[in-house]
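Take a look at the structure set out below.
Throughout, read-outs are computed from the coordinates displayed, never taken from laboratory work. From a predicted model like this one, the values you see are computed outputs, not experimental measurements. FYI the Cβ positions are ideal-geometry reconstructions off the backbone, even for glycines, and counts take in every protein chain you see.
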Amino acid sequence: MAGSPGTHMEQQEPGATLDDGMDSFLEKFQSQPYRGGFHESQWEEEFEKIPLFMKNSPSEIDPLENPDLACLQSIIFDEERSPEDQARTYKDEGNDYFKEKDYKKAVISYTEGLKKKCADPDLNAVLYTNRAAAQYYLGNFRSSLNDVTAARKLKPCHLKAIIRGASCHLELKNYVEAVNWCDEGLQIDATEKKLLDLRAKADKLKRTEQRDVRKAKLKEKKQQDQNEALLQAIKARNIRLVAEAAEEDEDSASEGLSELVLYGLSSENPCGARLGVDDQGRLSWPVLFLYPEYAQSDLVSAFHEDSRFIDHLMVMFGETPSWDLEQKYCPDNLEVYFEDEDRAELYCVPPSSTLLQVLQHPRYFVKALTPTFLVCVGSSGFCRNYLRGKKVHQLDSVPFQTTSPVPALLHCSGYGDGQPGGEVEKEFPGKKLLHC
């Protein structure tokens, strides 16, 4: 009994010691200020340094500047933890970036998780699927499709991967594949609304695409038939066409020329004109007139083969062109020529001739499906100088039979190198005027 009070007193001593320590701790603050507190003007910046209150974590963590954050990071990404734990940590980090719509960093985190090569196929499938979602929102649809394909190898019935894969195929305009992926997903869950909506959209786009393909093929076939008919009409008229480059042998020349013509019949020249045929099977050509004296040109967009040259000249020069300062380009004063480049000779065309009569001349060759003619004022000094030294043939007039409407003109800028005569001006010894 005598020892009981002593024992009781010994039990009270630690508490008394704690109280004394707290009292001395508080008394110290009364005698000197606390120096570890936040300054009232910088408290927000100070809070930002504490990991719990950080709004944005630094991309690179410096242990000297952020020792607390570096310590936490070392705990979270401890290499001594199992690959599964590390992969889950990276998955959670990627999910946080994904929620913040920072998809690039999300991709990096999911990739780091996959690098751990954990033995959990479900976890790896989730990492692939999540990375696919981030890639999808970055617009990397093929990368996203590769990831969901990898996810399905690990987990074939992973519905999220199937939905994402169908969406990727839809964005890549692989509508048939999108429908197939949707069908596979609907076998797992026939009521999945996202798959039902995706399938309806993909199927509609697939049908539209197939319809457009059929229409394009029909249009192409129709155009080919029309071009073949035009080519046969040209051959039936004995009109000679030439390619820009000469072929080595006759067979290849014929084949290359046919390809050139078929291509040219489907395309327009720079001024938007092309060879056409009317309901009576008569051809209309885009015809280029060159005026070497002034380096000017006119393009008749549809020169009917039965029209006469004089008919077009009357329209073209019914008013004086702005470049004809001497007002000498009148229909009655004009002479029309075409050039035989192989022989370096010129042929004078009677104004009363029709286009077809000239095109059927054995020495006329149509280039690029656009007949070309030179026009000069016959009595001018320029014309005399231009013809000096050249062999010139005079075509005989052919009785005119029918007249077709004269279409509007397309006016073009200068031609050749911009100098009078351009590329058609060539000198040859001796001047002869021959009748054909």
Per-selection metrics, region 81-208 (Cα): Rg and Dmax in Å
15.0, 54
Specify whether the C-alpha gyration tensor of region 270-394 places it in the rounded, prolate or oblate class, a ≥ b ≥ c being the square roots of the eigenvalues: rounded for a/c under 1.5, otherwise prolate if a/b is larger than b/c and oblate if not.
oblate
Quick check: Cα centre of region 78-144 to Cα centre of region 348-362, how many Å?
78 Å
Projected label distance in nm at Ser143 and Asp96, using a 7 Å step from Cα toward the beta-carbon
2.2 nm
Quick one: which of Lys153/Lys217; Lys115/Lys206; Lys99/Lys155 span more than 29 angstrom between C-alpha atoms?
Lys153/Lys217; Lys115/Lys206
Would you kindly derive the ³J(HN,Hα) couplings of region 177-186 from the backbone phi angles with the Karplus curve 6.51 cos²θ - 1.76 cosθ + 1.60 (θ = phi - 60°), listing them in order in whole Hz, with x for Gly and Pro?
5, 4, 4, 4, 5, 4, 4, 5, x, 6
Using a Förster distance of 25 Å, the FRET efficiency for Gln226-Gln280 (Cβ separation, nearest 0.05)
0.95
Provide Rg over Rh for region 113-157; use the alpha carbon set for both Rg and the Kirkwood Rh (inverse mean inverse pair distance).
0.98
Output wanted: per-residue J couplings in Hz (rounded whole) for region 373-388, from phi through Karplus 6.51 cos²θ - 1.76 cosθ + 1.60, θ = phi - 60°, x for Gly and Pro.
9, 9, 10, 9, 7, x, 8, 7, x, 4, 4, 5, 5, 5, 7, 5
Integer Hz, Karplus 6.51/-1.76/1.60 couplings in order for region 103-120, x for Gly and Pro
5, 5, 5, 4, 4, 4, 5, 4, 5, 4, x, 5, 5, 6, 6, 6, 8, 8
